[in-house]
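Engineer: One structure coming up, written as structure tokens, with questions to follow.
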Amino acid sequence: MKLFGKNFLLLFLLWSLISSGQEKVVIFSINDMHSRIDNFSKIKPLIDKEKRMGNKVFFVSAGDIFSGNPVVDNYSEKGFPIIDLLNRTGLDISVIGNHEFDYGQSILSDRIAQANFPFICANFSGGRGELSNVKGYEIIEKDGFSIAYIGAVETGNFGRYPLTHPKKVKGLFFTNPIKVFEDYEMINENPHIDLVVALTHLGKSGDEKILENFNYIDLVIGGHSNHIYGKRYENGYMIMSGKNLEMISKTTMSVYEGKIIDFLFEKIDLSNEGLVKDQNIELLIQKYKDSPSLYKKIGYSSVNHTKGETGCFYTKAIRETTNVDIVIQNNGGIRNNLKKGIIRPIDIYTIDPFGNGLDNFLITPAELNFFLKKYGKRYYISSRLNIEKKNNGEIKFYRNGREIGEDEKISFAMNDYISNTHSMYLPEPLYSYPSTTAEYLIKFLNNHIGEKLNFENCSNF
């Protein structure tokens, strides 16, 4: 009994010693918000409350803060409302996501200049303006506790580029986003750094690879694949917090001598009306949303359309407006469905948020078949030609009942994201249209004012 008592006392003293050296750290994180602003007023009170409790509080973003909300995407300074709201909410740091490039490098540079927080990305170079000043990592310190954040963005597009329009990243150079962490292993030897965090926009599988390969990473805060989790994996911990600012995660950790010894992940649903709002931020949100031109009536849909039926609307509208034989649209380029009721510009920009251009080709049947085979992804199509798909996948094209000959040309249009990412399988464009695809959709609706759109059970392969 005496021995047990001594052992208990030793354990108690050891635990007391560890407890006295522990640091309690709270990290709030978001990812893939895609310009959604409605819930911003609920974030600041959460962070302020945690700070009043005396904890060391960090607020971080794992990328894709831009692109996806017409209010922000069509603001006079594209994307600025997000930067303004993140500044006011107290964001500490963000990694650059693939959709940060959607507005173009010049606009991204301007937004970085307006931010009160740093952007990081270790696996790209070649930018101008503020992009040239983006570092691979930053150290953020709160009340004597320092976290080194190392950033990386995915490179899943052709030519090892991020998944954005190829024109928007022209002149930039991207390297392997996993391998780049080899360059930062020495950071763990810095005695002034308490934790090392990979702040990534790679998706769940990429984050897992980081923890599998790099023991010096304590925590990965990720984005891109829109998962929700906070868990231990291999040599460290990993977090992801959904999408569209539907939630914010709160991770509470106890850290002792540079190691996480206690980890609690909490999901906070930002749609909860019981959460306190910052009234100044709420008023600012309403001010940004006050854009009458986005809400005027331009059409009417008599039914709720599925995504495939929305694809029918999309391709027919582009084909009729541009007067070509065939239009295709990639499945991933349609981000919302055409809903029953009044159609407004904001609805069209929600369906087609990317600001893509439109290319026209004069192409032979063989060239078109070659491209569609190499493209190999799901697409929607509208054609004023008759189309027959053979069992071998080849498509025959008929005009006025006669098969189009091998030397004849078909006029063919598609958004310039597809044509640029697959340019090696296409001839040179005959023409690039002056407006965006969304603007042509709006033009189609203005040409059909008074009609009720209905694309139920449309044919699309």
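The values are calculated or read from the model by the stated rules, or taken from the named source; none is laboratory data. Bear in mind the structure is a predicted one, so any value in this text is a computation, not a measurement. Methodologically, a virtual Cβ is constructed for each residue, glycine included, from the backbone with ideal geometry; neighbour enumeration extends over all protein chains shown. Accessible surface areas use protein heavy atoms only, side chains included; no ligands, DNA or RNA. Shrake-Rupley method; radii C 1.70, N 1.55, O 1.52, S 1.80 Å.
Engineer: Mind checking the dipole of the range 252-330: about its Cα centre, +1 per Lys or Arg Cβ, -1 per Asp or Glu Cβ, Debye to the nearest 20?
Structural biologist: On the way: 10 positive and 11 negative charges, 96 e Å.
That gives the range 252-330 a dipole magnitude of about 460 debye.
Engineer: Sort out for me the Cα centre separation of the range 240-293 from the range 415-452, rounded to whole Å.
Structural biologist: If you average the Cα positions of each part, the centres end up 37 Å apart.
Engineer: Within the set LYS287/LYS339; LYS231/LYS289; LYS44/LYS377; LYS56/LYS167, which residue pairs have Cα atoms separated by over 30 Å? Don't skip to the answer; put the middle values down first.
Structural biologist: On the way: LYS287/LYS339 26 Å; LYS231/LYS289 37 Å; LYS44/LYS377 42 Å; LYS56/LYS167 41 Å.
Those over the limit are LYS231/LYS289; LYS44/LYS377; LYS56/LYS167.
Engineer: What does the extension gain come out to for ASN331 and GLU282, with contour length at 0.36 nm per residue minus their alpha carbon separation? Each step should come with its number before you reach the end.
Structural biologist: Numbers: separation 49, 0.36 × 49 = 17.64 nm, distance 3.49 nm.
Extra length available between ASN331 and GLU282 comes to 14.1 nm.
Engineer: Still on this structure: Tabulate in residue order the Karplus-calculated ³J(HN,Hα) for the range 296-303, using 6.51 cos²θ - 1.76 cosθ + 1.60 with θ = phi - 60°, rounded to whole Hz; enter x for Gly and Pro.
Structural biologist: Here the 3J(HN,Hα) series is 6, 6, 10, x, 8, 10, 7, 9 Hz.
Engineer: Can I ask one more? Could you tell me the relative contact order of the range 214-287? Use alpha-carbon pairs under 8 Å, at least six residues apart, and round to a whole percent.
Structural biologist: Details: 101 pairs, mean separation 16.4, N = 74.
Relative contact order, the range 214-287: 22 percent.
Engineer: Can you give the FRET efficiency to the nearest 0.05 for SER459 and SER205, using r as the Cβ-Cβ distance and R₀ = 35 Å? Don't jump to the answer; show the numbers that get you there.
Structural biologist: Numbers: r = 36 Å, r/R0 = 1.04.
Result of the calculation: an efficiency of 0.45.
Engineer: Okay, next question. Test of the criteria: in the range 357-461, which GluC sites (Glu not before Pro) are in a DSSP loop and have at most 14 other Cβ atoms within 10 angstrom of their Cβ? Intermediate values should be presented prior to the final figure.
Structural biologist: Working: sites: GLU367, GLU388, GLU394, GLU403, GLU406, GLU408, GLU439, GLU451, GLU456; in loops: GLU394, GLU406, GLU408, GLU451, GLU456.
Hits after loop and neighbour filter: GLU394, GLU406, GLU408, GLU451, GLU456.
Engineer: Pulled fully out, how much extra length does the chain show between LEU275 and LYS135, if you take 0.36 nm times their separation in residues and subtract their Cα-Cα distance? Mind dumping the intermediate values first?
Structural biologist: Working: separation 140, 0.36 × 140 = 50.40 nm, distance 3.56 nm.
Working it through step by step, the gained length comes to 46.8 nm.
Engineer: Tell me, what is the per residue accessible area of the chain in Å², probe radius 1.4 Å? Present the calculation step by step, with values, prior to reporting the outcome.
Structural biologist: Numbers: 21340 Å² over 461 residues.
The answer is 46 Å² per residue.
Engineer: Which percent, nearest 5, of DSSP beta bridges in the range 50-180 are antiparallel? Please list the in-between numbers first.
Structural biologist: Values: 9 of 14 bridges.
Taking every DSSP beta bridge within the range 50-180, about 65 percent pair in antiparallel fashion.
Engineer: In addition: Would you calculate a helix-derived [θ] at 222 nm for the chain, using -39,500 (n - 2.57) for each DSSP H run of n ≥ 4 and dividing by the full residue count, to the nearest 500? Don't jump to the answer; show the numbers that get you there.
Structural biologist: Values: 12 runs with 126 residues, N = 461.
Taking each H run of at least 4 residues, the total per residue is -8000 deg cm²/dmol.
Engineer: How big is D for the chain, in µm² s⁻¹ as a whole number, if Stokes-Einstein is applied with the Kirkwood radius of its Cα pairs at 37 °C and 0.692 mPa s?
Structural biologist: Values: Rh = 24.5 Å.
In µm²/s, the coefficient is 134.
Engineer: Using each residue's phi in the range 325-340, evaluate 6.51 cos²θ - 1.76 cosθ + 1.60 at θ = phi - 60° and report the 3J(HN,Hα) Karplus result to the nearest Hz, with x for Gly and Pro.
Structural biologist: 6, 9, 10, 10, 9, 5, 4, x, x, 10, 10, 7, 9, 7, 9, 5
Engineer: Can you tell which of TYR288, ILE298, TYR314 lies farthest toward the positive end of the dipole of the range 286-340, using +1 and -1 charges on the Cβ of basic and acidic side chains (Lys, Arg; Asp, Glu)?
Structural biologist: The residue sitting most towards the positive pole is TYR288.
Engineer: Give me the distance in nm between label points sitting 7 Å out from Cα along the Cα-to-Cβ direction at ASP48 and ARG160, one decimal.
Structural biologist: 4.7
Engineer: So what is the orientation-averaged projected area of the range 49-154, using the convex hull of its C-alpha atoms, in nm²?
Structural biologist: Details: hull surface 28.3 nm².
Taking the Cα atoms of the range 49-154, their convex hull projects to 7.1 nm² on average.
Engineer: Taking the Cβ of MET53 as the center, what net charge do the other residues with Cβ under 13 Å away carry, scoring Lys and Arg +1 and Asp and Glu -1? Before the final figure, lay out the partial values.
Structural biologist: Values: positive: LYS24, LYS49, LYS51, ARG52, LYS56, LYS250; negative: ASP48, GLU50, ASP143.
So the surrounding residues net to +3.
Engineer: Further question on the same structure: Using the beta-carbon distance between ASP407 and GLU212 and R0 = 60 Å, what value does 1/(1 + (r/R0)^6) give for FRET efficiency, to the nearest 0.05? Walk me through the numbers before you get to the answer.
Structural biologist: Details: r = 55 Å, r/R0 = 0.91.
The computed FRET efficiency comes out at 0.65.
Engineer: Next question. What FRET efficiency comes out for ARG232 versus GLU451 if R0 is 51 angstrom and r is the Cβ-Cβ distance? Round to the nearest 0.05.
Structural biologist: Details: r = 57 Å, r/R0 = 1.11.
Efficiency, rounded to the nearest 0.05: 0.35.
Engineer: If you don't mind, another one. Highest first, please rank the peptides 183-189, 252-258 by the mean number of other Cβ atoms sitting within 10 Å of their residues. Numbers along the way, then the final one.
Structural biologist: Details: 183-189: 13.3, 252-258: 16.3.
Taking the mean over residues of other Cβ atoms within 10 Å, the ranking is 252-258, 183-189.
Engineer: Follow-up. Enumerate cysteines in the chain without a disulfide-compatible partner, where compatibility requires another Cys Cβ under 4.7 angstrom.
Structural biologist: Singleton cysteines: CYS121.
Engineer: What is the distance in Å between the Cα centroid of the range 173-209 and that of the range 92-114?
Structural biologist: Here the answer is 20 Å between Cα centres.
Engineer: Under the Karplus relation 6.51 cos²θ - 1.76 cosθ + 1.60, θ = phi - 60°, what is the ordered set of whole-Hz ³J(HN,Hα) values for the range 145-153, x standing for Gly and Pro?
Structural biologist: Taking θ as phi minus 60°, the curve returns 10, 10, 10, 8, 9, 10, x, 7, 10 Hz for the range 145-153.
Engineer: Any idea what the relative contact order of the range 291-348 is, in percent, if you count C-alpha pairs under 8 Å spaced at least 6 apart?
Structural biologist: Numbers: 65 pairs, mean separation 34.4, N = 58.
Taking the mean separation of contacting Cα pairs over the length of the range 291-348, I get 59 percent.
Engineer: Now, a different point. For Cα pairs less than 8 Å apart in space and 6+ apart in sequence, what is the mean separation divided by the residue count of the chain, i.e. the relative contact order in percent? Walk me through the numbers on the way to the answer.
Structural biologist: Working: 975 pairs, mean separation 69.4, N = 461.
Value for the chain: 15 percent.
Engineer: Where a ≥ b ≥ c are the square roots of the eigenvalues of the C-alpha gyration tensor, would you call the range 325-440 rounded, which needs a/c under 1.5, or, failing that, prolate if a/b is larger than b/c, or oblate? Each step should come with its number before you reach the end.
Structural biologist: Working: a/c = 1.94, a/b = 1.63, b/c = 1.19.
Here the range 325-440 falls in the prolate category.
Engineer: List the DSSP H helices in the chain whose Cα atoms stretch 27 Å or more along the helix axis and whose mean Kyte-Doolittle hydropathy is at least -1.0.
Structural biologist: On the way: long enough: 2-21 (29 Å, 1.21).
Correct list, ordered by number: 2-21.
Engineer: Also, I was wondering about something else. How many nm separate the modelled label positions at ARG384 and ILE342, each set 7 Å beyond the Cα in the direction of the Cβ?
Structural biologist: Taking the two extended label points, one gets 3.3 nm.
Engineer: Grab the Cα-Cα distance for LEU264 and GLU189, subtract it from 0.36 nm times how many residues apart they are, and report the gain in nm with one decimal.
Structural biologist: Values: separation 75, 0.36 × 75 = 27.00 nm, distance 2.65 nm.
Fully extending the segment from LEU264 to GLU189 adds 24.4 nm.
Engineer: When a/c is below 1.5 the answer is rounded, else prolate if a/b is larger than b/c, else oblate, so apply that to the range 22-107 with a ≥ b ≥ c taken from the square roots of the Cα gyration tensor eigenvalues. Working shown, then result.
Structural biologist: Numbers: a/c = 2.92, a/b = 1.96, b/c = 1.49.
Note, shape of the range 22-107 comes out prolate.
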